[in-house]
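Since the structure comes first, as structure tokens, the remarks are kept for the end.
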Amino acid sequence: MRTVVIAIALIAAAIAFYIFVGDSRSSEQTPSASVGDRIKSAATTAIVKEIENPECAKLLDHIKGKTTAVVQKISPSGHEILLAHPATKSTISLDCSTPTKMSMTFISKDSSPTDDWFSVIAASADLLVNRDTALIIAEARKCLSTAKKDPTTSAQEEISGIDVDCALPEGDESGYLVAVMAADPAAQKNTTTSAAKTTAHKPTGKHR
């Protein structure tokens, strides 16, 4: 569980970096810069490099096609993309730094998770995990519900090929976080094998 909390903290820190550091850099213009120069500079700051990973570009196009999210930042490496979804007061972070383990992180600044936000999560992540949107929503809701009962205010769910991490706001913080990625195939296989063994060796009522 500690590993999950650390991972979530790192994701949140990375998102904050792109929002605040990126914005501060774009604002460091000389007073003499023209409006046209500032617009051009802002555009090149928001998208600094073309995405080279075709699967990552496909996921980004999927998010934009299924939701009204708009790109805010793309990291210099082209592996991390931050999108804003104003309608749900949320952000979406697409991380393609590890091609075999790409992920999406959703942070809502609303006072509580809304149905529309869960719909955005499902519509964005269905291509990533290759699962039905209803299942994705159910797992995200379950994860957040479990987090409410956890002293660390975070939880992890891994079922049906979906790996979901989530966290609740702490103290004066705001923001509900849900991270979605495809579950580790090896872990999924081991879970299935263990379940099969348990069923095969399940004792009958006569021996209880």
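Step through the residues of the range 119-129 one at a time and calculate ³J(HN,Hα) from phi using the Karplus curve (6.51 cos²θ - 1.76 cosθ + 1.60, θ = phi - 60°), rounding each to whole Hz and writing x for Gly and Pro.
So the Karplus estimates, Gly and Pro as x, are 5, 5, 4, 5, 5, 7, 8, 4, 5, 5, 9 Hz.
So how far, in whole Å, is the C-alpha centre of the range 78-123 from the one of the range 139-184?
So the two Cα centres are separated by 13 Å.
Sort 77-88, 127-138, 144-155 by packing, meaning the average of other beta carbons within 10 Å per residue, with the highest value first.
Final packing ranking: 77-88, 127-138, 144-155.
What FRET efficiency, computed as 1/(1 + (r/R0)^6) with R0 = 30 Å and r the Cβ-Cβ distance, is obtained for Lys101 and Asp150, rounded to the nearest 0.05?
Efficiency, from the Cβ-Cβ distance: 0.80.
Amide H neighbours of Ile162 under 5 Å, counting only residues 5+ apart in sequence or on other chains, H built in-plane at 1.01 Å?
Under 5 Å from the amide H of Ile162: Ala183.
No lab work stands behind these numbers, since they all come straight from the coordinates. Keep in mind it's a predicted model, so treat the numbers as computed, not measured. When we count neighbours, we look across all protein chains shown, and the Cβ atoms used for this are built from the backbone with ideal geometry, even at glycine.
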